[in-house]
1. Taking the range B:253-278, which residues are aromatic (Phe, Trp, Tyr) and within 14 Å of chain A (Cβ to nearest Cβ)?
2. Is it the case that the range B:57-65 has a residue that's acidic (Asp, Glu), open to solvent by less than 10 Å² (accessible area, probe 1.4 Å) and over 26 Å from B:Val206 (Cα atoms)?
3. For B:Ser437, indicate whether it is open to solvent by less than 10 Å² (accessible area, probe 1.4 Å) and under 30 Å from B:His36 (Cβ atoms).
4. Is it true that some residue in the range A:167-178 is farther than 30 Å from B:Tyr235 by Cβ, open to solvent by 30 Å² or more (accessible area, probe 1.4 Å) and modelled with pLDDT of 90 or more?
5. Residues being open to solvent by 50 Å² or more (accessible area, probe 1.4 Å), touching a helix residue (DSSP H, G or I) at 6+ places or on another chain (Cβ under 7 Å) and in a loop (DSSP other than H, G, I, E, B): count how many of those fall in the range B:165-204.
6. Hey, any hits in the range A:151-165 for a residue that's closer than 21 Å to A:Asp78 by Cβ and either more than 14 Å from every other protein chain (Cβ to nearest Cβ) or under 13 Å from the mean Cα position of the chain (by Cα) (or both)?
7. Report whether or not B:Tyr399 is more than 23 Å from B:Leu269 (Cα to Cα) and buried (at least 21 other Cβ atoms within 10 Å of the Cβ).
8. Do we find a residue being within 27 Å of B:Phe51 (Cβ to Cβ), not in a loop (DSSP other than H, G, I, E, B) and not acidic (Asp, Glu) anywhere in the range B:497-506?
Amino acid sequence: MSPPVPAAAAGVQRSIRRTLLVVVAMFGFGFALVPLYDVLCQVTGLNGKTRAAVADAAPMPVDEARTVIVEFIASVNDEAPWEFRPDVTRIEVHPGRFYTTHFYARNRSETPLAGQAVPSVAPGLASLHFHKIECFCFNQQRFAPGEGREMPVTFRIDPQLPAEVGTVTLSYTFFRLPGQGG
Amino acid sequence: MTATTAGHDAVHDGHDHGHEHAPPRGLWRWLSTTNHKDIGTMYLVLSLTMFFIGGAMALVIRAELFRPGLQLVEPMFFNQMTTMHALVMIFGAVMPAFVGLANWLIPMMVGAPDMALPRMNNWSFWIMPFAFALLLSTLFMDGGGPAGGWTLYPPLSLQTGAAFPFVILSIHMMGVSSVMGAINIIATILNLRAPGMTLMRMPLFVWTWLITAYLLIAVMPVLAGAVTMLLTDKYFGTSFFNAAGGGDPVMFQHIFWFFGHPEVYIMILPAFGIVSQIIPTFARKPLFGYASMVYATASIAFLSFIVWGHHMFTVGMPLAGELFFMYATMLIAVPTGVKVFNWISTMWRGSMTFETPMLFAIAFVVLFTIGGFSGLMLAIAPADFQYQDTYFVVAHFHYVLVPGAVFSIMAAAYYWLPKWTGHMYDEKLGRLHFWCSAIGVNILFFPQHFLGLAGMPRRIPDYALQFAEFNMISSIGAFIFGFSQLIFLWVVIKCVRGGEPAPAKPWEGAHGLEWTVPSPAPHHTFQTPPQITEAEAHS
């Protein structure tokens, strides 16, 4: 079929241009969702993502009257030969005060390993009020063959934690970093 | 309108085949054709082929589930069957069937001589056989085909073997084909309508396809992006969905369902259009509430973009998110209810007859509504925690897709076969096919509601003993439904090869431009555009 005459042909050209623009824009939008998603999670605390950065250590009023239970969970994501567990599984804290607890990790293999712990807080909205000033999850952790060590986390719960939240669970998943002694 | 008229005349004069010349014969005709009717036929044949391939996979699944325990296939192969059945049926059977119908009917319904971009049309089609050859070939590769579900959630889907890049490439090819088809349909509807065919005089099938085409160009690129990210995560060391590198597997679900929910409307809006053509014909009354049908379709399309979260209520969404997605999803029931109301009102006090297309259309209204109601149940966020990933979900989406989308395609085939072939189909066999299908499909899918409510998970090759009876009933229904489709195949072959000659308008109550041309429709129609008046459009 030969192309239609100018009037219809111009319309068809316009339709093609506009629809192609939509196609390109939507392909870009799919990728734009990646940073948008991260920003949204950081700002709103959805999804339990905690701040990667070191929290502000300025003093806060301590709420002695309130007790919040903090639970610790450690898991290993793949079949990497890690041993990984919290020293204590739950502590009671007062909002506003700093606490330090330890996780223990050991490389059970004969080769050096490097890993990264990825934190997650449940319920998700509590992650906005969970501040870490020191954490082994801030850095990659390297282990010689058979090496095991205690790794500290220092954190506090913001007194602004919503009143209905009585228990906060901090979970770490340990990932082997590919291509780095793994 | 003068400009448009001039446009059509020029199309007429400039056509290089000449009007009444027979098309070239043999394989070359089909490889090189730019004729919308030829391309429509090829899409429909491809779709029917894929329907039987995907159906055979479904029968493997149902045969394995006939009894508890593992008897016929390996669990890994079973998982490949569930994944491939979905991919083949969605991208290979339902979508190409609607595109085939669009190719055949939209130019004739709007009074255009052909699609706006006939050469691209040829290309859109011929990508498809290659895409599916690639997809199906993965079943024979090391590690087998994809087995992590058609939704391709990472990290599971990233464990696919050698098949993985082939699956991604075939999805890209299907996406390119769909997007080109959609651009063509938009360009045709917006620019090649005959004089007097204003937007609000267009047949509803054209309207629903226009809106569907916009959904396609909006979401197929998002799917392309999502699968590209999977590909780079697996082979190029990116961490879009890998938590170790700062990514998040849940994000895939968000991106996927941002595509996935509009996708389910891509598979049902054209069905709404078909049923809105057929019911008025056999009720011998104009469609009740034409304008409200158009607005309802547009509302459904808009809402489809903001409800994706209801597929992932259990990922740990905050309460506000669950409430938003729950209410937004329930809102879709309003325009859908308008449609069902309009179809029933069209039949109200009509002079109804029950030829095969009408039987399928009425079954569509009833059974699709059942699927809609189970969808409402799933939309209730607190209840969804119980239903998530059970057979209740399987029953729900098969009710909307099989007696929904597939029945509408069957109805369309029976309705327009006389126009396509020039012969009437065998009405007795058609009705036999309908009753076997309608009874079979309910025996097949209704018990799955009970299985799901009792807690049977989906995508498992073996199950606990208390699920045995309903699974056996469901499998029996599957074999009734599956084999009764051979009747359809026979009816189509018989109708193509001969039969009682069909008049230009074989249905007494039919309206629309496609019934003004002879049957079978000549190779070229509306070289000179018709003039449409208000009375003709909505009589």
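1. Matches in the range B:253-278: B:Phe256, B:Trp257, B:Phe258, B:Phe259.
2. Yes, that holds for at least one residue.
3. When the stated conditions are applied, B:Ser437 passes them.
4. yes
5. Selection size over the range B:165-204: 0.
6. So far as the range A:151-165 goes, yes, one or more of its residues are closer than 21 Å to A:Asp78 by Cβ and either more than 14 Å from every other protein chain (Cβ to nearest Cβ) or under 13 Å from the mean Cα position of the chain (by Cα) (or both).
7. no
8. The answer is yes; a qualifying residue exists.
The values are calculated or read from the model by the stated rules, or taken from the named source; none is laboratory data. The shown structure was predicted, so the numbers you read here are calculated from the model rather than taken from an experiment. All Cβ positions, glycine included, derive from the backbone under ideal geometry; neighbour counts span all protein chains shown. Ligands, DNA and RNA are stripped out before the accessible areas are found, and what is left, the full protein with its side chains, is counted by its heavy atoms. Shrake-Rupley method; radii C 1.70, N 1.55, O 1.52, S 1.80 Å.
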